[in-house]
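Structure, as C-alpha cells:
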Protein chains: 2
Amino acid sequence: MTLTRRDFAKLGALGLAAQFAPQLHAQANKKKIGYAIIGLGRIAGHFMPGIRNTTNSQVTALVSGHRDKAERLADQYGVPHSSIYSYDDFDRIAENKAVDAVYVALPNSMHAEYTIRAAKAGKHVLCEKPMAASVADAEAMIAACKAANVKLMIAYRCHYEPTNLKAVQLIRQGALGQVQAIESQFGFNIAPGEWRLNRKLAGGGPLYDVGIYSLNACRYLTGEEPAHIAAFASVIDHDGRFNEVEENVSWTMKFPSGIVASCNTTYGAPMEGFFRVHGSKGTLEAAPAFNYDGLRLIADFAGTHIDKPNPAKDPYQFTAQAEHFSHCIQNGLAPKTPGEEGLRDMRYIAQIYHSAGIDI
Amino acid sequence: MTLTRRDFAKLGALGLAAQFAPQLHAQANKKKIGYAIIGLGRIAGHFMPGIRNTTNSQVTALVSGHRDKAERLADQYGVPHSSIYSYDDFDRIAENKAVDAVYVALPNSMHAEYTIRAAKAGKHVLCEKPMAASVADAEAMIAACKAANVKLMIAYRCHYEPTNLKAVQLIRQGALGQVQAIESQFGFNIAPGEWRLNRKLAGGGPLYDVGIYSLNACRYLTGEEPAHIAAFASVIDHDGRFNEVEENVSWTMKFPSGIVASCNTTYGAPMEGFFRVHGSKGTLEAAPAFNYDGLRLIADFAGTHIDKPNPAKDPYQFTAQAEHFSHCIQNGLAPKTPGEEGLRDMRYIAQIYHSAGIDI
C-alpha cells in the first residue's frame, strides 16, 4: 500500500502532530504580536519573510549595529525609523509598546545578554538555537525570563515542520513497531572567516551549530532523553579554520528504553541533514531532514511505502514557529520548545564535548 | 559530469581496485583447487554455486552431520560419495589428495576447531567471518595454520566485490578530498530459534554477525585502524530471543588521521547494509553495501554524479573470493584477507563489547 497525498495530509492532521502543529487559524480578533529583530544576519533574513506570512505576527522594530542596513529593512517591513535600535540604546525598547517580543538572531555567545536585557525590558523572547554558548548562560536566560514573567522559546524550527512531525507521528502511532536504532548527521564544509569558527562567539564548533539538529532529532524521534553519551572529536584540516573549534564530532547515545543512536557532525565536508529510524516493523528516514525546504520523508513498514517530498518552500518553517510563539503569547500558553528544551540540549552538548575530551 | 558505464568499468580496472581484483584469467595450465565444504548450511548454499563459476576451483568433498543432504549435494557437484565426511571422521580428509583446501561454513564457535583440524590435515583454510567466537580462538587458528604451513583466508567477500572496491578506489584517488566522517549500519530482525542467538555457538549477537561488515568497511574505506572505540549495547525485546546475546549495538570510532565513524547494528529491526563517506569534496555511499547482490554506489563530488547499480548476481562475490584464494594457493601468494585481518576485527569487536559493558 502506498499512502496518497490525501492520506498523508490526513495523517498530518491527527494525533501527536496536532500537539505541535502551528496555529493556522487567523486570530482576527487579536492584536498581532510585534517582534523586534535583534541581529540582521543570515537567519534573520529567513525569519523576517517568514513572519510576513503569519496571521498573528509582524516585525515592529529592528536592532542592529548597521544603521543603513536597518533603515533599508525597516522601509521594506514598514517599521518606523524611530523603532530602529543600536546595541547601545537597545534597552530603550522597554518603552516601545509596539514590541511584544524579540527574536534573538545573534552569534551564540550574545544570546544570553540580549535575552536577559529583553526580559528586563518586559519583552517575550524567541531565541535561536543553540540557546547559548554555555549551560550557565542558558540557565541564566531561563531565570531572567522567569523573573520578568516573559515567555522564552528556543527556535527549534523542526518541531513545527510537517516532515519532521510526520516522522514523529508515525513512530508514536507504532507504524515502525519497536524502535531499535537511529542514525542522524548534519554538517557542511565551512568557509574560512566565519564567526562560527570563533570559539568566543560560537561556543563550539559544528556540534553547537548543526550537530544540535541531530541531537535534538534523536530526542523528539524517541520521545526520550539520552541516558548515556560517548563521543570523539577531531581536527584533520590544519588550514587555520579549526584553531578554536573542532572539525568533526561522532557520538553515540543510549536511551532509557534501550534505543541506540549514532550521530556525526562536521565543518569539514558536505553532510546532508539526515535521520533514519529502524523499528521492528520497518524503517523511516528524512533526507534532507533539517534544510530550510526540500525535505523528503521515506518510509517502509508493514507493506506501506512512503516517498513524500515536502513541497513547502522556505520560509515556511519560520512562519510556523513565529505563528506558534505569537499564539502562545496571545493565549497565555507555554511554547512547545521553551528555554528548558534548549537547556537540555546544552547539557547533552556539554556531555558530548566532555566525553570527547574537549573543555568547554 | 556523470560517469558513463564505460568510464565506471574503466575506473574499476585501474589503480587500487586491481590490487584486490579477483584473478579472472583462466589458469588452464594449473590444476583446479579442490575444496571440502565444512557445514552445508545457508552460506555454503551461496559458496558452492559460487565456486562452480570460478576458473580455478571446484568442490571435491563435503563434511556434514546429515549424510542424506550431503549425498544429494555430492551428486549435484560431482563429488564421489567416498569424499563425504562426518564431523567424527573428518580428520581422514588428510588422505584425500583431491582436497587442497577447506571452506569453513560452521557456526562461529566451531571455526577454530575445524580450521585447526584442517590445518593439521595439511589443508589450506578459507574460513567464514566472524573468524571465531573469541580472540583467543582466532589467535590459535593463525598459529595452527602457520605451524602447518597452510594458508588461512577469512571470507571477507566485500574485499573482492566491485562496488565496495570502487568506493575504496574513489577515496584513495582523492575524489572525495579529505575524508572526515563515515556512517555504516547493518542489521535485521532475527527469527526466534536461530543458532545466532545462542551465545555459545555465535560468540555474540548482531555485532559478530553483521555489525562486523560495518566495522570492516570503516577500516577498508579509511585504510586505517581505529585508535579509539566507544559503544553502547541494549536489549529492548524481552521475547526470549535475546537471553544470551545483545539486540542492538551503536558504536563510534576515531581513526589516527582524525576520521570519525559511527555505526549501528541490530537483530531487532530491518537495517539495510549501508555506508556513507563524507569528504571535503563530496559524499559517497553504497546502499545496499553488503548484500549478496543488488549493490548500488551513489557519489557526488566536484561536479561528478555517480548512481551505479551493480548488475552482478549472487553468487558473484563467492566466485570472486574463491577465485582469489585458489589463485593464492596455486601461486604461493598471501591472500588479501588473511587470518590477521580477521583477528583485527575480533579484537575491535572485543573492544566494542568491553566499552558497552558486555563480557565476552
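The values are calculated or read from the model by the stated rules, or taken from the named source; none is laboratory data. Owing to the predicted nature of the structure, the values given are computational and were not obtained by experimental measurement. Cβ placement follows ideal geometry from the backbone for every residue including glycine, while neighbour counts extend to all protein chains displayed.
Do you know which residues across segment B:281-303 are surrounded by fewer than 21 Cβ atoms within 10 Å (Cβ to Cβ) and either within 12 Å of chain A (Cβ to nearest Cβ) or more than 17 Å from B:F186 (Cβ to Cβ) (or both)?
Within segment B:281-303, the subset surrounded by fewer than 21 Cβ atoms within 10 Å (Cβ to Cβ) is B:281, B:283, B:285, B:287-288, B:291-294, B:296, B:298, B:300-303.
Selection gives B:K281, B:T283, B:E285, B:A287, B:I298, B:D300, B:F301, B:A302, B:G303.
Given the conditions (1) in contact (Cβ under 8 Å) with a residue 60 or more places away in the chain; (2) not in a strand (DSSP E or B), report the number of the one that A:N291 does not fulfil.
A:N291 satisfies every listed condition except (1).
Give A:Q317, A:Q351, A:Q330 a once-over and let me know the one that is part of a helix (DSSP H, G or I), touching a Cys at 6+ places or on another chain (Cβ under 8 Å), at pLDDT 95 or above and not assigned by TED's automatic domain parsing to the domain that holds A:I229. Show your work before the answer.
Details: A:Q351 fails: touching a Cys at 6+ places or on another chain (Cβ under 8 Å); A:Q330 fails: touching a Cys at 6+ places or on another chain (Cβ under 8 Å).
The conditions single out A:Q317.
For residues in segment A:145-180 being part of a helix (DSSP H, G or I) and among the polar types (S, T, N, Q), which is farthest from A:K313 (Cα to Cα)? Working first, answer last.
The initial filter retains those residues of segment A:145-180 that are part of a helix (DSSP H, G or I), namely A:145-147, A:157-160, A:162-172.
Among the residues that remain, those that are also among the polar types (S, T, N, Q) are: A:163-164, A:169.
Working: A:T163: 12, A:N164: 15, A:Q169: 22 Å.
Here the residue is A:Q169.
Condition check ((1) over 19 Å from the mean Cα position of the chain (by Cα); (2) within 12 Å of chain B (Cβ to nearest Cβ); (3) under 19 Å from A:V277 (Cα atoms)) across all residues:
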{"site": "A:A132", "(1), (2), (3)": "no, no, no"}
{"site": "A:A167", "(1), (2), (3)": "no, no, yes"}
{"site": "A:G193", "(1), (2), (3)": "yes, no, no"}
{"site": "A:A202", "(1), (2), (3)": "no, no, no"}
{"site": "A:S214", "(1), (2), (3)": "no, yes, yes"}
{"site": "A:C218", "(1), (2), (3)": "no, yes, yes"}
{"site": "A:E225", "(1), (2), (3)": "no, no, yes"}
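Residues are listed down the side, and each one gets a yes or a no for (1) at the interface with chain A (Cβ under 7 Å from one of its Cβ atoms); (2) buried (at least 19 other Cβ atoms within 10 Å of the Cβ):
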site	(1), (2)
B:T252	yes, yes
B:G258	yes, yes
B:T266	yes, yes
B:A269	yes, yes
B:G273	no, yes
B:R276	no, yes
B:G279	yes, yes
B:H305	no, no
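Given the conditions (1) outside any helix (DSSP H, G or I); (2) without any contact (Cβ under 8 Å) to a residue 12 or more places away in the chain; (3) not basic (K, R), report the number of the one that B:N264 does not fulfil.
(2)
Restricting segment B:267-288 to residues that are aromatic (F, W, Y) and assigned to a strand (DSSP E or B), which is farthest from B:Y220 (Cα to Cα)? First the steps, then the outcome.
Within segment B:267-288, the first condition is being aromatic (F, W, Y), and the residues that meet it are B:267, B:274-275.
Still in the list and also assigned to a strand (DSSP E or B): B:274-275.
On the way: B:F274: 14, B:F275: 12 Å.
Here the answer is B:F274.
Looking at A:V179, A:V135, which one is surrounded by 22 or more Cβ atoms within 10 Å (Cβ to Cβ) and either on the phi > 0 side of the Ramachandran plot or in contact (Cβ under 8 Å) with a residue 12 or more places away in the chain (or both)?
Values: A:V135 fails: surrounded by 22 or more Cβ atoms within 10 Å (Cβ to Cβ).
So the residue among A:V179, A:V135 that is surrounded by 22 or more Cβ atoms within 10 Å (Cβ to Cβ) and either on the phi > 0 side of the Ramachandran plot or in contact (Cβ under 8 Å) with a residue 12 or more places away in the chain (or both) is A:V179.
Within 14 Å of chain A (Cβ to nearest Cβ) and either among the aliphatic types (A, V, I, L, M) or within 21 Å of A:I182 (Cβ to Cβ) (or both): does that describe B:E183?
Numbers: within 14 Å of chain A (Cβ to nearest Cβ): yes; either among the aliphatic types (A, V, I, L, M) or within 21 Å of A:I182 (Cβ to Cβ) (or both): yes.
Answer is yes for this residue.
Hey, among the residues in segment A:232-241 that are more than 7 Å from chain B (Cβ to nearest Cβ) and surrounded by 21 or more Cβ atoms within 10 Å (Cβ to Cβ), which one's nearest to A:F186 (Cα to Cα)? Show your work before the answer.
Step one: filter segment A:232-241 for residues more than 7 Å from chain B (Cβ to nearest Cβ), giving A:233, A:238-241.
From what is left, the residues that are surrounded by 21 or more Cβ atoms within 10 Å (Cβ to Cβ) are A:233, A:241.
Numbers: A:A233: 15, A:R241: 18 Å.
Only one residue fits best here, namely A:A233.
Are there any pairs with C-beta distances below 8 angstrom linking a residue in segment B:112-132 that is closer than 13 Å to B:V99 by Cα to a residue that is in a loop (DSSP other than H, G, I, E, B) and acidic (D, E), with the two at least 6 apart or on different chains, and if so which?
Cβ pairs passing all conditions: B:K123/B:D100; B:H124/B:D100.
Working carefully through the options B:S355, B:S326, find the one that is among the hydroxyl-bearing types (S, T, Y) and farther than 27 Å from B:K254 by Cα.
B:S326
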